[in-house]
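Comments concern the structure below.
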Amino acid sequence: PACAIDGQGSGLVFEHSSMRTLVTRTQGMAAAPTPVLIHGETGTGKEAIARSLHGTRSGAYVALNCGGLARELLASELFGYVEGAFTGARRGGMTGKIEAAEGGTLFLDEIGELPLDMQPLLLRVLEQGEIYRLGENTPRKVNFRLVTATHRDLRADVAAGRFRMDLYYRIAVASLVIPPLRERGGDVLLLAQYYLRRFSHEAGLQPLPALAPEAREAMLRYAWP
């Protein structure tokens, strides 16, 4: 099997031509500053591709899931805040994920879940190259590579008024689509063997157990939603 390993240590095990094409495109985009939008169903490996896009940048790779936080917490995590910005703000303030990604990559997963009223704030960052921490009136210059990911149809969200068109075109300068496992032929068996070896090694099993023929057939028949 082919195995693509990036500098962060995340691996992709594959053999199917669609994944070979994807990895080749990802490698070609790694050095560019262009924002990239990754489309893929849940579990297809969007963060592994995002880490590969980080490449050899000197700055940090910083990730944030836009769908897992309340609006207020998401704003402070993304933009940071100054001391006294709100009740409970830590002394000295906090650096947000955008600033933390200076010189590196900011990966925003589930970008389609970003609240509509926060989208203009992110758009301004991308247009002006500067941010305002919450409670602050002085802009801070930022320079980072933006990678976003979603399982949603953002074009449909734009048409429905749930996502800003101007932000969509800013984040989707380039795009990558990760094929689901059910469209990758025998890759499921490669992955099964990979995990069988890995877990057997962790458990100290010798010799390594083998997949029964009926197990292999069941994996190939399954739709893998």
In Å and whole numbers, how far do the C-alpha atoms of the stretch 45-142 stretch along each principal axis, longest first?
38, 27, 26
Whenever you get a sec, compute what percent of the accessible area on the chain sits on carbon and sulfur atoms (1.4 Å probe).
52 percent
Please report the projected area of the stretch 101-212's Cα convex hull averaged over all directions, in nm².
11.6 nm²
Between the stretch 38-116 and the stretch 140-215, what is the C-alpha centre distance in whole Å?
18 Å
Hey, can you find the accessible area per residue of the stretch 14-114 for me, probe 1.4 Å, expressed in square angstrom?
45 Å²
Amide H of ASN65 versus every other amide H placed in the peptide plane: which residues, excluding those fewer than 5 positions away on the same chain, fall under 5 Å?
ASP109
What is the list of residues in the stretch 121-137 whose amide nitrogen lies under 18 Å from a point 7 angstrom out from the Cα of GLU83, following Cα to Cβ?
133-137
Burial order of peptide ranges 65-78, 199-212 (average beta-carbon count within 10 Å, highest first)
65-78, 199-212
Among (i) 35, 18, 16; (ii) 37, 20, 17; (iii) 27, 24, 17, the entry derived from the coordinates for semi-axes √(5λ) of the Cα gyration tensor in Å
(ii)
Using only the alpha carbons of the stretch 81-126, determine the length spanned along each of the three principal axes and report them from longest to shortest in whole angstroms.
31, 27, 19
Taking only Cα atoms, what is the 0 to 90° angle, nearest 10, from helix 119-128's long axis to the longest principal axis of the chain?
80 degrees
Full extension between ARG162 and LEU208 adds, at 0.36 nm per residue less the Cα distance, a length in nm of 11.5 nm
If I fit a long axis through the Cα atoms of helix 187-203 and take the longest principal axis of the Cα atoms of the chain, what angle between them do I get, 0 to 90°, rounded to 10?
90 degrees
Where does the chain land at 222 nm, in deg cm²/dmol rounded to the nearest 500, when only DSSP H runs of n ≥ 4 count, each adding -39500 (n - 2.57), divided by all residues?
-10500 deg cm²/dmol
Of all beta bridges DSSP finds with both residues in the stretch 12-143, what is the antiparallel percent, to the nearest 5?
40 percent
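The values are calculated or read from the model by the stated rules, or taken from the named source; none is laboratory data. Predicted, not measured: the structure shown is a model, and the values here were computed from it. Neighbour counts are summed over all protein chains in view; Cβ atoms, including those assigned to glycine, are modelled from backbone coordinates with ideal geometry. Accessible surface areas use protein heavy atoms only, side chains included; no ligands, DNA or RNA. Shrake-Rupley method; radii C 1.70, N 1.55, O 1.52, S 1.80 Å.
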